[in-house]
Amino acid sequence: MTRGLWDREMVALVLLAAVMPMALAWLWYGGSAAFGRLILTLFLSGFWHLVFMLARAQPPSFAGALTALAVAMLAPADLSLFQLVLGISFGVVMAELVMGGWGRNVLHPATVTLAFLGFGFPAAAWPDLPLPLAWAAIPAALIGMVAGVMPVRIVLVAALVGAAAVWAGLPVGPVLPAAGIVLVLLVGDPVASASTRLGGWLSGLLYGGLMILFALQWQQAAPLQMAVSAALLVSLAAPLLDEIAISAWLAGRKRRHG
Amino acid sequence: MFTNLRSQGLRLPAIAVATTADCPVVLTDEAAITAARNEELRVDMLVGEDALVAQGQPLLRLRSDPRIALVAPMAGRVARIELAPGRRLGQVVLFREGDDRHVHSAGPQDEAGLRALLQGSGLWQSLRRRPFGRMPGGDEAAATIFVMACDTRPGAPDPRLALRGQEDEFAAGLAALQRLTKGPVWLCEAGAGDLPAPTGVRRVGCGPLHPQGLPGMQIHRLHPARTDAPVWDIHAEDVADFGALIATGLLAQTRAVSVTGAALREPRRLRCQQGADLRGLGHGYLRPGPHRMLSGSALDGHQAQWLAPRDRQATFLPGTSTPAHRHWFAAALRRAARPMPIIPTAALEQALGGDIPAHALIRALASGDSEAAARLGALSLLEEDLALADYVTGAEPRISAQLRVLLDAIAIEEDAA
């Protein structure tokens, strides 16, 4: 009869708290330009949440702020205002709100926004993120995992794959910071990632593998572009990986119990 | 410590439990025979109002199977018989009077004799079958029986304490249970595993964290229930009562019950009769102010006046059940969004014991996909097994209620087939 706390908004708030180290580091190095951009993305995301609340009776969510933060940080730098508005509106509406809001979406709205902006306006250069931001991703991931709102297996396996690649001497050094930041901001979203155990392991493997593949084979792409593309592909594969995990679990139970 | 690490479950906020060793017998002045939650019993009364009855005397029989009786929990006078239309059992209230005890004649010790004894003495009601969580039918054959000598619900009485001094009866009851099923009998116990058990009984240790001590989790892990192979579970104390019933013909008068909750001045551990009046259990121990009486734990209990047939916990929570006032707009938004989306977190996974693909199961329940839910193990589960997930996620509507709807739908399909 008593109720706990971990409803949707609580998870969103804890996720927001977890990415705070990254947000603060980014604002510290980005200055007023970064701050203005964050205000713009927050305003746009909030606007669409408000529209869907009034038109479709969908409760707004703090997850909109997560999307806004990720887009403000990772979107290509020299986009015009119109392009940015178009990209965010597409991502927030098509990837999240038309599905019924956060918790019912399949893809992370920020991933969709970034993929839309990156591939729709290829002339715009991807931003060069300051290295301390990548270091700030480590406490962010730790807070998220300890609080249980970030998928531990994905983050751990992806980090292990990265470490293994470095150890094996592959030339992945330049993409590692971007890969880490995107891992925490986009891939580590609990809704858009695999929810089963085996699915989590496989997602982490897939993300790490894709990053290595892109780093070795994708010439002339910015590290952030590679990371966002890998995040999009992992997000798209998550339902399949979950289905594989559940089939394996069912097969194991059938073998055990007949 | 390391067993805690291996055990899959959640550490819940600690609640005060009685620490004193004594366990006084508290027989409330009123008690009632009721059906378990979600169970519909059509009954024939064997006595009328105002009749004087002995403890353990059959008072009513099921119309579906007249061999199954429900008995008086204490010696007393039948005060009120409330039947719903269709002779569905509402409640039969008794006032305590005298101290006569009904002696059940134990027949032959074969399967038929033991079944007849269980059914005639009312102990049949302490068995619960899965799928669906009801009393088994009179001729039903169980694929296996789970005996629960552990309970991890917050504030639950320790079954090992309740069994102290009744070890021989418990072993005899287990031996009798083995004759009721062709499959194995599983004994789930916490800690050292030192309860006496005859050969052939399979011992399982359950972890210390909730929900590992729920029969649903153990059944799901060890022997999943199917519609054509039902699994029964029974509390260890009822097994000891069964053993004593075989030996003496007398039905146990009391059961160990813990009374907890924030509305109490101090928690209690006591022995009371089945169907005891919850007001009587809390009397003299309540803090002033409004409170809610639950039969069951704070997680899976329901508001009630009487201790429900299989419950061994009473919980008193402060406050009233009317929800906090919400602005009309916020309330309308919340209603429009039902069922609220559930975010897959580590807490949710642990709340279902770690093994079950929690999010997939919850999605199947929310969308009413009975096939997928059954494939993921919903037939082994009951409301109490999902109560922790409800607590963790604050889901609306409750996940356990969604499971009940689905189980009822599957049961209707099975009956039609």
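The values are calculated or read from the model by the stated rules, or taken from the named source; none is laboratory data. Predicted model only: the values in this text are computed from it and were never measured. FYI the Cβ positions are ideal-geometry reconstructions off the backbone, even for glycines, and counts take in every protein chain you see.
Within this structure, A:Leu240 passes the test of being within 14 Å of chain B (Cβ to nearest Cβ) and surrounded by fewer than 24 Cβ atoms within 10 Å (Cβ to Cβ).
Restricting attention to segment A:98-113, the residues that are without any contact (Cβ under 8 Å) to a residue 60 or more places away in the chain, within 13 Å of chain B (Cβ to nearest Cβ) and either among the acidic types (Asp, Glu) or crowded, with 22+ Cβ neighbours inside 10 Å (or both) add up to 1. Would you point out the residue of segment B:40-55, among those that are part of a loop (DSSP other than H, G, I, E, B) and out of contact with any His (no Cβ under 9 Å at 6 or more places or on another chain), that is surrounded by the most Cβ atoms within 10 Å (Cβ to Cβ)? Going through the qualifying residues, I end up with B:Leu41. Quick check, is A:Val155 in a loop (DSSP other than H, G, I, E, B) and surrounded by 21 or more Cβ atoms within 10 Å (Cβ to Cβ)? Taking the combined requirement at face value, the residue does not satisfy it. Taken across segment B:181-200, residues that are under 29 Å from B:Gln253 (Cβ atoms), modelled with pLDDT of 90 or more, small (Gly, Ala, Ser) and out of contact with any Leu (no Cβ under 7 Å at 6 or more places or on another chain) do not occur at all. All told, B:Gly394 falls short of being at the interface with another protein chain (Cβ under 8 Å from one of its Cβ atoms) and farther than 29 Å from A:Arg153 by Cα. Can you pull out every residue in segment A:119-138 that is more than 23 Å from A:Tyr29 (Cα to Cα), in a helix (DSSP H, G or I) and in contact (Cβ under 8 Å) with a residue 40 or more places away in the chain? If the condition is that a residue be more than 23 Å from A:Tyr29 (Cα to Cα), in a helix (DSSP H, G or I) and in contact (Cβ under 8 Å) with a residue 40 or more places away in the chain, then no residue fits. Of the residues making up segment B:308-344, those that are touching a residue at least 40 places away in the same chain (Cβ under 8 Å), within 11 Å of chain A (Cβ to nearest Cβ), under 23 Å from B:Glu383 (Cα atoms) and not hydrophobic (A, V, I, L, M, F, W, C) number 3. Filtering segment B:395-417 to residues that are crowded, with 19+ Cβ neighbours inside 10 Å and more than 22 Å from the chain's Cα centre (by Cα) leaves only B:Ala395. For B:Ala162, the conditions (1) in a loop (DSSP other than H, G, I, E, B); (2) over 26 Å from B:Ala112 (Cβ atoms) all hold with the exception of (1). Filtering segment B:351-384 to residues that are on the phi < 0 side of the Ramachandran plot and either touching a His at 6+ places or on another chain (Cβ under 8 Å) or within 8 Å of chain A (Cβ to nearest Cβ) (or both) leaves B:Asp355, B:Ile356, B:Pro357, B:Ala358, B:His359, B:Ala360, B:Arg375, B:Leu376, B:Ser380, B:Leu381. Screening B:Arg37 on (1) among the charged types (D, E, K, R); (2) part of a loop (DSSP other than H, G, I, E, B); (3) under 29 Å from B:Ile412 (Cβ atoms); (4) modelled with pLDDT of 90 or more shows it passes everything except condition (4). Based on what the data block shows, is A:Gly173 closer than 21 Å to A:Pro223 by Cα and at pLDDT below 90? Criteria met by A:Gly173.
Just one of the listed residues (A:Gly199, A:Gly188, A:Gly148) is surrounded by 17 or more Cβ atoms within 10 Å (Cβ to Cβ), on the phi > 0 side of the Ramachandran plot and within 14 Å of chain B (Cβ to nearest Cβ), and it is A:Gly148. For segment B:238-254, the criterion of a residue being among the small types (Gly, Ala, Ser) and surrounded by fewer than 16 Cβ atoms within 10 Å (Cβ to Cβ) is satisfied by at least one position. Given the condition assigned to a helix (DSSP H, G or I), more than 20 Å from the chain's Cα centre (by Cα) and over 22 Å from A:Ala178 (Cα atoms), answer yes or no: does some residue in segment A:56-68 qualify? Scanning segment A:56-68, I find at least one residue that is assigned to a helix (DSSP H, G or I), more than 20 Å from the chain's Cα centre (by Cα) and over 22 Å from A:Ala178 (Cα atoms), so the answer is yes. Within segment B:86-95, not a single residue is out of contact with any Asp or Glu (no Cβ under 9 Å at 6 or more places or on another chain) and in a loop (DSSP other than H, G, I, E, B).
Taking segment B:198-278 as the region of interest, the strands (runs of 3 or more DSSP E) fully inside it that hold 2 or more residues being under 30 Å from B:Gln303 (Cα atoms) are B:231-235, B:255-260, B:268-272.
Among the conditions (1) within 22 Å of B:Ala229 (Cα to Cα); (2) in contact with a helix residue (DSSP H, G or I) (Cβ under 6 Å, 6 or more places away or on another chain), the only one that B:Ala69 does not satisfy is (1). Does any residue of segment B:218-230 turn out to be surrounded by fewer than 20 Cβ atoms within 10 Å (Cβ to Cβ) and farther than 30 Å from B:Leu376 by Cβ? The answer is no; no qualifying residue exists. Taken together, the criteria exclude A:Ile143 from residues that are in a helix (DSSP H, G or I) and more than 14 Å from every other protein chain (Cβ to nearest Cβ). Quick check: anything in segment B:382-389 assigned to a helix (DSSP H, G or I) and at pLDDT below 90? No, every residue in segment B:382-389 fails to be assigned to a helix (DSSP H, G or I) and at pLDDT below 90. Checking each residue in segment A:95-115 for being in a helix (DSSP H, G or I) and among the charged types (D, E, K, R) picks out only A:Glu96.
I'm trying to understand the selection: among the residues of segment A:1-43, which are within 14 Å of another protein chain (Cβ to nearest Cβ) and over 19 Å from the mean Cα position of the chain (by Cα)? Scanning segment A:1-43 gives A:Met1, A:Thr2, A:Arg3, A:Gly4, A:Leu5, A:Trp6, A:Asp7. Among the residues of segment B:392-412, just one is part of a helix (DSSP H, G or I), at pLDDT below 90 and not aliphatic (A, V, I, L, M), namely B:Thr393.
Residue count for segment B:137-165 under the criterion of being buried (at least 24 other Cβ atoms within 10 Å of the Cβ) and of a type in the set (Asp, Glu): the result is 1.
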